[in-house]
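> Before I ask anything, let me first share the structure, which is written out below as structure tokens.
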Amino acid sequence: NKINSLNFANLQKLLQQNVSKTQTRSFVTYTKEKIKSYLINPLANINNIREVSQFVYRVSNIYKKVIWYFADLPLYSYNLIYNQSNWSSPSGSSDFLKNYQKVATRLQQWNMPQEMAKILATTLRDGIYAGYIYDDKKSVFIQALDPKYVKIKSITALGTFVVAFDATYFDQGNNKSLIYGIQDSNGDYIDTDSVWDEIFKQGYEAYQADMTNSRWFELPMEKTISMIAGDDTTLPLPAFLACLPDILDLIDYGQLIREKTELENYVLLLSKIPMLPNAKTVNEFAVDLDIIQAMQKIIDESTPDLVGTAYTPCDLETVRFDRNDQTETDIMAKATKSLYNSLGVSQVVFNNEGTTASSINASENGDEMVAFEYLQRLEGNMKRYVYLNISKDFTFKFHKITFFNKKDFLSVLKDQATLGLPVKLDYATASGATPYEVMNQMFMELALDFNSKWIPLSSSYTSNISAGTTGAPTKDDTQLTDEGAETKDKNKNAS
């Protein structure tokens with residue numbers, strides 16, 4: 001079925017869009033006044049608002065860093081849960097293992113940390129993400145669709161979305177080539193293979209037959225993955241929209257400081273033109289003006305860019321424009337801190353100078369809650385993908401684990417496994433391996449007979465702890481006061 005297969009011969013075309021045409025890109029520069037005008041009527045200006053967010057994403061390192069901070073916060077480690085239909089007669093047949101292997105193998109084709117982070121970053125920046133999945137059961141490619149031409153049509157029981165695509169996209173520029181093939185400069189088709197999936201061609205042709213009722217056509221749920229920032233499906237706005245004017249303020253203020261610094265480094269040299277000692281009228285110069293102008297030209301050619309020159313009958317002076325005022329720098333620092341607070345992220349996460357471990361941990365905990373909300377939405381998409389494309393016997397789940405809580409998360413799983421709870425696969429996959437890698441590693445170690453050949457070294461895990469061990473348990477950073485954490489960080493108790 002051409003709709004459900006990926007034409008790898010056209011994959012490069014899909015990435016490059018229309019390779020036979022010369023493409024140019026230009027970006028609009030946005031002002032605070034323009035943004036405020038958009039916010040007065042966001043529904044009518046939704047595309048402009050997203051373009052503003054994309055513009056700020058390009059020009060503001062803080063905005064880009066905060067977006068990717070949340071996108072990269074989860075580790076996107078995952079596991080599979082078997083949907084046992086009859087608990088009184090659990091399955092252990094070869095069919096179960098074959099099905100589990102099929103699901104684990106198909107999911108291995110997804111580069112979860114990379115793909116999920118890109119999806120979440122785009123969602124936070126644009127307010128919406130819609131991707132079309134090309135899957136031939138051997139490889140997976142997700143094509144991000146232009147948010148200008150997608151909308152949420154409905155919501156499923158899992159909380160995922162049904163996406164509709166705007167057929168007028170193919171009336172823009174040379175976009176018809178994406179569904180009808182590549183054209184040369186004369187308009188003749190030199191490659192009639194569709195670059196995009198056949199479903200887009202069918203939707204466009206249905207629109208051509210009925211432009212009144214068929215402009216938006218539904219994309220198959222099993223082939224899409226979609227997310228929004230917030231909960232408004234009719235108007236999904238960028239996650240940090242309210243902070244965009246503040247970011248532009250910060251960019252403008254940084255430019256003013258650069259201009260002030262340049263002005264402070266500017267020097268003006270004034271050369272005095274000598275007058276005749278007994279001059280009785282004006283303009284009686286002791287040196288011919290032609291000589292002065294020739295000399296001035298030599299001076300001009302030898303001075304650096306930030307030094308200006310002029311000649312005058314007045315005394316020679318050096319004019320500087322510097323001001324001993326650090327107020328601007330202080331205001332810049334305060335504005336940056338205020339911006340981070342407006343974005344809902346503590347600045348200590350990006351610059352922990354002068355902070356303690358406990359204060360950083362407190363900030364990280366709040367950020368994790370935001371990330372986990374989006375992680376749950378991504379999980380719903382993956383559950384739907386597995387159910388509709390691979391198997392109904394397994395449920396997909398992401399571990400709620402980040403770079404910050406990984407140690408504690410694994411510690412809890414380890415304690416549960418020690419008590420006999422069935423979390424061994426959770427422990428293994430939360431450690432960073434996929435279910436596919438865990439199973440293959442297990443079979444490889446069994447085949448190599450590691451259990452008998454590799455004897456663990458003596459440690460607290462393989463031997464009893466001495467009964468004479470004494471001493472108070474060590475406090476972790478979260479149990480310390482700010483003063484205690486600072487003492488520990490700066491090693492003040494060292495003798």
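The values are calculated or read from the model by the stated rules, or taken from the named source; none is laboratory data. What you see is a predicted model, and the numbers here were worked out from it, not measured in a lab. Ideal geometry is used to build each Cβ from the backbone, glycine not excepted, and the neighbour counts take in all protein chains shown. Protein only, heavy atoms only, side chains kept; ligands, DNA and RNA dropped before computing areas. Shrake-Rupley method; radii C 1.70, N 1.55, O 1.52, S 1.80 Å.
> Classify the stretch 131-176 as rounded, prolate or oblate, taking a ≥ b ≥ c as the square roots of the eigenvalues of its Cα gyration tensor: rounded when a/c is under 1.5, otherwise prolate if a/b is larger than b/c and oblate if not. Present the calculation step by step, with values, prior to reporting the outcome.
Numbers: a/c = 3.11, a/b = 1.17, b/c = 2.66.
Judged from the Cα gyration tensor, the stretch 131-176 comes out oblate (a/c at least 1.5, b/c at or above a/b).
> Can you tell me the relative contact order of the stretch 42-174? Whole percent, Cα pairs under 8 Å, sequence separation 6 or more. Kindly include the intermediate steps, with their values, before the conclusion.
Numbers: 99 pairs, mean separation 25.7, N = 133.
Once divided by the residue count of the stretch 42-174, the mean separation gives 19 percent.
> Which pairs in the list 137/223; 407/453; 148/176; 272/297 are over 22 Å apart, alpha-carbon to alpha-carbon?
On the way: 137/223 13 Å; 407/453 30 Å; 148/176 17 Å; 272/297 15 Å.
The answer is 407/453.
> A follow-up question, please. Could you sort out which of 98/406; 36/400; 102/383; 98/424; 32/400 sit more than 26 Å apart by Cα distance in this structure?
Over 26 Å apart, Cα to Cα: 98/406; 36/400; 32/400.
> Net charge around residue 386, counting only other residues with Cβ within less than 9 Å of its Cβ (Lys, Arg = +1; Asp, Glu = -1)?
Computed value for this residue: +4.
> Which semi-axis lengths, in whole Å and largest first, follow from the square roots of five times the eigenvalues of the Cα gyration tensor of the stretch 95-242?
On the way: eigenvalues 155, 104, 48 Å².
Square roots of five times the eigenvalues give 28, 23, 16 Å.
> On to the next question. What net charge do the residues around residue 156 carry, taking every other residue with its C-beta under 11 Å from that of residue 156, with Lys and Arg at +1 and Asp and Glu at -1? Could you put the intermediate results ahead of the total?
Details: positive: 153, 383, 384; negative: none.
Once positives and negatives cancel, what remains is +3.
> Would you pull out the residues with amide H under 5 Å of residue 78's amide H, same chain only if 5 or more places away, H placed 1.01 Å from N?
Close amide H contacts, sequence-distant or interchain: 399.
> Now for a separate question. Magnitude of the Cβ-charge dipole of the stretch 26-166, K/R +1 and D/E -1, about the Cα centre, nearest 20 debye? Present the calculation step by step, with values, prior to reporting the outcome.
Numbers: 17 positive and 10 negative charges, 56 e Å.
The calculated dipole for the stretch 26-166 is roughly 260 debye.
> Sort 58, 106, 125 from largest to smallest accessible area, using a 1.4 Å probe on the heavy atoms of the protein chains. Walk me through the numbers before you get to the answer.
Working: 58 105, 106 20, 125 55 Å².
I get 58, 125, 106, largest accessible area first.
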